[in-house]
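Enquirer: Sharing a structure below in structure tokens format, with a few things to ask.
The values are calculated or read from the model by the stated rules, or taken from the named source; none is laboratory data. The model shown is predicted, which means the values in this text are computed figures rather than measured ones. Here Cβ is always computed from backbone atoms with ideal geometry, including for glycine, and neighbour counts include all displayed protein chains.
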Amino acid sequence: MSLARLDGRFLEVNAALVSMLGYDSATALMEVGADSLYASPQARPRLVDEALQTQAVGNWEVDWLRADGSLISVRLNGKIIRLADGEPAFEMIVQDITDERHKENELRQSQKMEAIGKLAGSTHRSTWS
């Protein structure tokens, strides 16, 4: 879970997020800021624009960078809230979906190989007919 200003400054991060991203402390992650986590520089501005229109973030899947520079796939869900000073901020739940993505990719790859095998088998049979 995190709470961040629209400019990317974290106001709060929980221990689970700190651990998921491989940081030594909440302070270290907060110093980095949300903008630095996105593997694609265009992803966060698109997220902010959409969230401002809908006042929510629903099932956004993006790649983030862990503290060691490795990629992690995450699913973001949350909403825009108003802080005490009236400023909008993101209240966000972050789910690690890296394993889910790997399994989906493996399934797609095995389905491609199966389709190629079937195609090769049918071509072989029609050649001998």
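Enquirer: Given the criterion in a strand (DSSP E or B) and on the phi > 0 side of the Ramachandran plot, identify the matching residue among ASN59, ASN77.
Expert: After applying the criteria, what remains is ASN59.
Enquirer: Scan ASP68, ASP85 and give me the residue that is touching a Gly at 6+ places or on another chain (Cβ under 7 Å) and surrounded by fewer than 12 Cβ atoms within 10 Å (Cβ to Cβ).
Expert: None of the other options fit; the residue is ASP68.
Enquirer: Give the residues of the stretch 21-37 that are surrounded by fewer than 18 Cβ atoms within 10 Å (Cβ to Cβ) and out of contact with any Phe, Trp or Tyr (no Cβ under 8 Å at 6 or more places or on another chain), sorted by residue number.
Expert: Answer for the stretch 21-37, where residues must be surrounded by fewer than 18 Cβ atoms within 10 Å (Cβ to Cβ) and out of contact with any Phe, Trp or Tyr (no Cβ under 8 Å at 6 or more places or on another chain): GLY22, ASP24, SER25, ALA26, THR27, ALA28, GLU31, ASP35, SER36.
Enquirer: Within the bounds of the stretch 91-101, is there any residue that is in a strand (DSSP E or B), touching a Leu at 6+ places or on another chain (Cβ under 9 Å) and either free of Cβ contacts under 8 Å to residues at least 40 places away in the same chain or among the aromatic types (Phe, Trp, Tyr) (or both)?
Expert: Yes: the stretch 91-101 contains one or more residues that are in a strand (DSSP E or B), touching a Leu at 6+ places or on another chain (Cβ under 9 Å) and either free of Cβ contacts under 8 Å to residues at least 40 places away in the same chain or among the aromatic types (Phe, Trp, Tyr) (or both).
Enquirer: Looking only at the stretch 84-100, decide whether some residue is modelled with pLDDT of 80 or more and in contact with a His (Cβ under 9 Å, 6 or more places away or on another chain).
Expert: no
Enquirer: Look at the stretch 46-55 and say how many of its residues are surrounded by fewer than 12 Cβ atoms within 10 Å (Cβ to Cβ) and not polar (S, T, N, Q).
Expert: 2
Enquirer: Report, by residue number, each residue of the stretch 13-32 that is outside any helix (DSSP H, G or I) and under 21 Å from ASN59 (Cα atoms).
Expert: Matches in the stretch 13-32: VAL13, ASN14, LEU21.
Enquirer: So LEU3 clears everything in (1) in a helix (DSSP H, G or I); (2) within 23 Å of GLU87 (Cα to Cα) except one condition, right? Which one?
Expert: Failed condition: (1).
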